[in-house]
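Below is one structure, written out as structure tokens; the observations come after it.
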Amino acid sequence: MNIIGHLDMDAFYAAVEERDHPEWRGVPLVVGADPQEGRGVVATANYAARRYGIHSAMPITRAWALAEAARRRGEPETVFITPNFRRYAEISRRIMALIRGQVPLVQEVGIDEAYLDLSFCPSFGRARELCQTIKEEIKAREGLTASVGLGSNKLVAKIASDFQKPDGLTVVRPGEAEDLLAPLPIRKIPGVGPKTEEFLARRGIRTVADIKRFSPEDLEGLLGKWGLALYDKARGRGSATLRAAREPKSIGEQETFAADTGDLEFLFERLWAMCRGVLASLPKEGFRTFRTVVVTVRFADFKTHTRSHTLPQPVNSWRVLQFEAMKLLMPFLDRRENPQRKLIRLLGVRLEKLGR
Ligand code: TTP
Ligand code: CA
């Protein structure tokens, strides 16, 4: 039996900002372009700001006008902030690693969404329990809420995750999908954008149930191949195959020094620190072993060199890493790779051929 989960973080960028800035909690919050600049759009708004009609992709000037209108009505003032993408990416990585700790096959889609193959669970009930646990773990460790949908394919799971946002958990058992979809506006079907929506609306097709009145040939005539796909989607049919995960090929750290240096004691001390760092990152990214160690050196003249060594066996050993990294760095410190005795500007360590 196929059981697919779709997990989607709630108001993701805004939720991260609220979590990082307690003074903004519950306050209407818009993450996006600077309204003073007058150009650009809203990336997202928290649920308090959505009450004012503000949403993703809206011109920031329009969001500002709506916020001002709300303020004049005596409603809470809206905070506008510009996005901190690095922060969101970092938290996304931690959440995905947390999910991967519980579910072997995960397909990440975008920064705050993933499909989970839960077919290893004996029933929808057990899959639901697992998703509840994952939601609670995300809440406990990251202070963020996610909405999850369960269905027998990706289409149904995705629509289900949207059903009880925020902090939702919606299970759609195989026999329930068609009835659940029928009353929805067609826009809820992934792939139906504003153009298709308008095109179909002109023909009186507004809900999923409306689509079901047409034969596959009719829909193909209207929309080509996509019409045939829509025929299936309207009946809750879709793929349950997850695309093989895009795995990080390597885990690395590097450091540019405040001043170029040839100080061996300092260089080795930094090398060990980076080795400790990458080794600690390994389990956080869901890996257990590595086989290849890469050391990068950038000299004061910006010439950059890497040397690497691949071990015969996968290992997870601090001693081995320390020894291999040292052997790789040594030639850069003497005549072999550095005959002019240039100073070093940057040092990096990377692990490759990672294993789970
Ligand atoms: P979404 O999952 O679409 O939205 P969301 O997480 O903010 O809210 P919801 O609770 O409805 O899921 O997008 C995830 C993040 O991607 C969102 O926080 C900001 C970013 N984003 C944009 O930058 N521009 C956009 O147009 C959209 C839709 C999202
Ligand atoms: Ca989201």
Inset, instruction - Please sort by residue number the GluC sites (Glu not before Pro) in region 314-356 whose DSSP state is loop and whose Cβ has at most 16 other Cβ atoms within 10 Å. - result: Glu337
Legend entry - Accessible-area value, Phe80, 1.4 Å probe, nucleic acids and ligands omitted, Å²: 40
Inset, instruction - Report the normalised scattering of region 256-356 as log10 I(q)/I(0) at q = 0.15, 0.16, 0.20, 0.23 Å⁻¹, calculated by the Debye formula with identical scatterers on the alpha carbons. - result: -0.59, -0.66, -0.96, -1.18
Inset, instruction - Rank these by accessible area, largest first, 1.4 Å probe: Trp272, Trp318. - result: Trp318, Trp272
Inset, instruction - With all protein chains present, calculate the accessible area of Asp162 using a 1.4 Å probe and round the result to the nearest 10 Å². - result: 70
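Select from region 248-309 those trypsin sites (Lys or Arg not before Pro) which occupy a DSSP coil region and have at most 13 other Cβ atoms within 10 Å, ordered by residue number.
Numbers: sites: Lys249, Arg270, Arg276, Lys284, Arg288, Arg291, Arg298, Lys303, Arg307; in loops: Lys249, Arg288, Lys303.
Answer by residue number: Lys249, Arg288, Lys303.
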Inset, instruction - Please calculate the 1.4 Å probe accessible area of Tyr47, with all protein chains present, and give it to the nearest 10 Å². - result: 80
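What order do Arg72, Arg86, Arg235, Arg203 take when sorted by accessible area (1.4 Å probe), most exposed first? Before the final figure, lay out each step's value.
Values: Arg72 170, Arg86 200, Arg235 35, Arg203 105 Å².
Largest accessible area first, the list is Arg86, Arg72, Arg203, Arg235.
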Legend entry - Sequence of Thr304, Thr170 from largest to smallest accessible area, 1.4 Å probe: Thr304, Thr170
Legend entry - Pairs of alpha carbons in region 306-356 whose separation is greater than 12 Å (percent): 70
Legend entry - Long-range amide H partners of Thr145 with built H, under 5 Å: Asp10
Inset, instruction - Round to a whole angstrom and tell me the spacing of the C-alpha centers of region 61-87 and region 318-341. - result: 54
Inset, instruction - Indicate, rounded to the nearest 5 percent, the antiparallel portion of the DSSP beta bridges found entirely in the chain. - result: 90
Legend entry - Amide hydrogen neighbours beyond the local backbone of Phe163, cut-off 5 Å, H modeled: none
Inset, instruction - For the chain, with all protein chains present and a 1.4 Å probe, just round the carbon and sulfur fraction of the accessible area to a whole percent. - result: 50
Inset, instruction - State in Å² the accessible area per residue of the chain; use a 1.4 Å probe, count heavy atoms of protein chains only, and round to the nearest integer. - result: 51
Inset, instruction - Could you let me know the centre-to-centre spacing of region 239-299 and region 132-205, using Cα atoms, in angstrom? - result: 38
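The values are calculated or read from the model by the stated rules, or taken from the named source; none is laboratory data. Because the structure is a prediction, the values reported are computed rather than measured. Cβ sites come from the backbone with ideal geometry, for glycine too, and all protein chains shown count toward neighbours. We work out accessible area using only protein heavy atoms, side chains counted, and drop any ligands, DNA or RNA first. Shrake-Rupley method; radii C 1.70, N 1.55, O 1.52, S 1.80 Å.
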